[in-house]
Amino acid sequence: MKPWLTRAAQEVIVPHRLIMIAVAIGIIIWAALAMRWHWIPRYADLAVQGIWRTLWLLALSCAIGFAMAVPLGLAQAAGPRALAIPARAFCTVIRGTPLLLQLWLIYFGLGSLFPQFPWIRESELWPYLRQAWPYALLALSLSFAGYEGEVMRGAFRSVPAGQLEAARAMGMGRFAIFRRIWFPQALQRALPTLGGETVLQLKATPLVATITVIDIYAVASRVRQDTFIIYEPLLLLALIYMIIAGLIALGFKLLEQRFNRGMIG
Amino acid sequence: MFDWLFALWPGLQTSAELLSLQPPGWGGNLLRGALASLQIALGAFALGLVIGTFGALGKLNGGPVMRDLLAVYTVVVRAVPELILILILYYAGTDLLNQVLRAMGQRPVEISGVAAGIAVLGIVQGAYATEVLRGAIQSVPRGQLEAARAFGMGPVQTFRRVTFPAMLPLALPGLSNLWLIATKDTALLAIVGFAELTLETRQAAGSTRAYFTFFLAAGALYLVMTLVSGRIFGWIEARYRRGQAAQ
């Protein structure tokens, strides 16, 4: 057996844990037999679509948000005041107001503003702007950018100045320093925080259901409204989110191991 | 007084009228909502602190079963969206309470929104507070606790006179973060229909169609709450760090 496997086995095989696992399995069997699950086949297709929509909203908003967070963090850590102050204000406003409010401001506010301009209605983008998901994606991305801008600010600051000076002494240009020295080290320092923040972002995605985006949460609400079954869809939903959160945590752990190769400590 | 400003920017005058505190304006509703949000945030934060203190002590000093159960609690709460926890706890809590009341021969009751909101958000906050306080308690040097025991202090006295004051400055940054999360999480209660700031704002915006005015005004109110409380926490932290070595 592999060493980590035996260690894991040793941790689990303790009398009180075995009893707790037995109780947990008992509860799961009871739930499977005694609760009402007959609605699952009817909503399975919709649920798969919902999970898919949750996942791509999460992935895209994290990617866009992180792409915005890097300049936001850089501006605050090392930029001139003219850039640092607006970046800091953006992060403070995003972090100081609830995401639900931002989402509704963007969806209802922009959504009521855009149709007033004929040139927007005639543009190629209009078919997309009439749907809800672009507003959801925008709000989620801005929110992620605000929180991560703050994280990246700390990460950029924590890279020792000597490293940057050494790179400059080696004759690297500004861009090369950023790409080869500054950014990789900042990212390595930020990765554990980013993993936690991605799970928080996952937990924020169900809010998009309030602006008519049909994610997995919206599917579960629909089951509740259609069948008047309350607990079963919610419990299944909680399980789905826990599995996704576990996979995100695992993914970041592997990523961290990769990044930490060849690093001291 | 603001006439010159309204002349420059006509839209501002309508906004000011919409936000005025007297009934044709909706400012009073917004402020009432903000007060309700603040009330729930305070209650939830306090409940979270109580749960967190016991959770942290249980995780550090409890038996193996207690520790595993607390681990399940913190992991589940931190992995499942607050919105879903609110719905589950809200429905399950009402159901359980009414079943107990029925068993005791009482008539079922409607749970008040404030009580349910405080209970649900408090349970969520408790999970995060457990982790914050556990980290802070763990970083109190063992020698100090051993010295307290050597002086003949009991466990309660040690906690009150040594552990608590020593861990407070370490816990405050995390707790201040939790308080900010509590104020923002109250917005989620809008979805279960509780009239806090976000829902009041949406109703005002929906009936006047002045979305930007009201959402921006509510954003400003939230921002004032978070910035002011940030100042207060900074002040408390500075006060409790007095006489401690700089980190």
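Assorted remarks:
- Counting Cβ atoms of other protein chains within 10 Å of each Cβ in B:182-195 and taking the mean gives 3.
- Relative packing of peptides A:119-130, B:39-50, B:219-230 - highest average C-beta neighbours within 10 Å first: B:39-50, B:219-230, A:119-130
- The mean number of Cβ atoms from other chains found within 10 Å of a Cβ in peptide A:105-112 is 5, as a whole number.
- Percentage of interatomic Cα-Cα distances in the stretch A:131-265 larger than 27 Å: 41
- Cα centroid of the stretch B:175-199 to Cα centroid of the stretch A:173-246, whole Å: 19
- Mean Kyte hydropathy of -0.5 or more with a Cα span along the axis of at least 27 Å, helices from DSSP in chain A: A:15-34, A:40-78, A:133-158, A:183-204, A:231-259
- Annotation: per residue accessible area for the stretch A:92-176 equals 52 Å², rounded to a whole number [probe 1.4 Å, protein chains only].
- Counting only alpha carbon atoms, the long axis of helix B:27-61 and the longest principal axis of chain B meet at about 10°.
- B:Thr130 sits among other residues whose Cβ lies under 14 Å from its own Cβ, and their net charge, with Lys and Arg +1 and Asp and Glu -1, is +2.
- Solvent-accessible ranking of A:Trp37, A:Trp30, largest area first, probe 1.4 Å: A:Trp30, A:Trp37
- Bins of 5 Å from zero: percent of alpha-carbon pairs in the stretch B:1-146: 2, 9, 11, 13, 12, 11, 10, 8, 7, 6, 5, 3, 2, 1, 0
- In the protein assembly as shown, Rg over Rh equals 0.98, where Rg is the alpha-carbon radius of gyration and Rh the Kirkwood radius from pairwise Cα distances.
- For chain B, the relative contact order comes to 26 percent (Cα pairs under 8 Å, sequence separation of at least 6).
- Across chain A, C-alpha contacts under 8 Å between residues 6 or more apart give a mean separation that, scaled by the residue count, equals a relative contact order of 26 percent.
- Accessible area buried at the B-A interface, both sides summed, 1.4 Å probe (Å², nearest 100): 3300
- The distance separating the Cα centre of the stretch A:43-92 from that of the stretch B:14-73 comes to 26 Å.
- Relative contact order of the stretch B:127-247, pairs being alpha-carbon contacts under 8 Å that are 6 or more residues apart, as %: 23
- Centre separation in Å (Cα based) which lies between the stretch A:112-148 and the stretch B:101-169: 44
- For A:16-27, mean number of other protein chain Cβ atoms within 10 Å: 1
- Order by protection proxy (mean Cβ within 10 Å, highest first), peptides A:161-167, A:46-52: A:46-52, A:161-167
- Eligible aspartates and glutamates near B:Lys59 by straight Cα distance, threshold 12 Å, same-chain separation 8 or greater: B:Asp68, B:Glu131
- Note on chain A: with a GNM built from Cα contacts shorter than 10 Å, the maximum mean-square fluctuation among A:Val151, A:Val14, A:Val159 falls on A:Val14.
The values are calculated or read from the model by the stated rules, or taken from the named source; none is laboratory data. Fair warning: this is a prediction, and the values are worked out from it, not measured in the lab. In this analysis, Cβ positions are derived from the backbone assuming ideal geometry, glycine residues included, and neighbour counts consider all displayed protein chains. Only protein heavy atoms, including side chains, enter the accessible area calculation; ligands, DNA and RNA are left aside. Shrake-Rupley method; radii C 1.70, N 1.55, O 1.52, S 1.80 Å.
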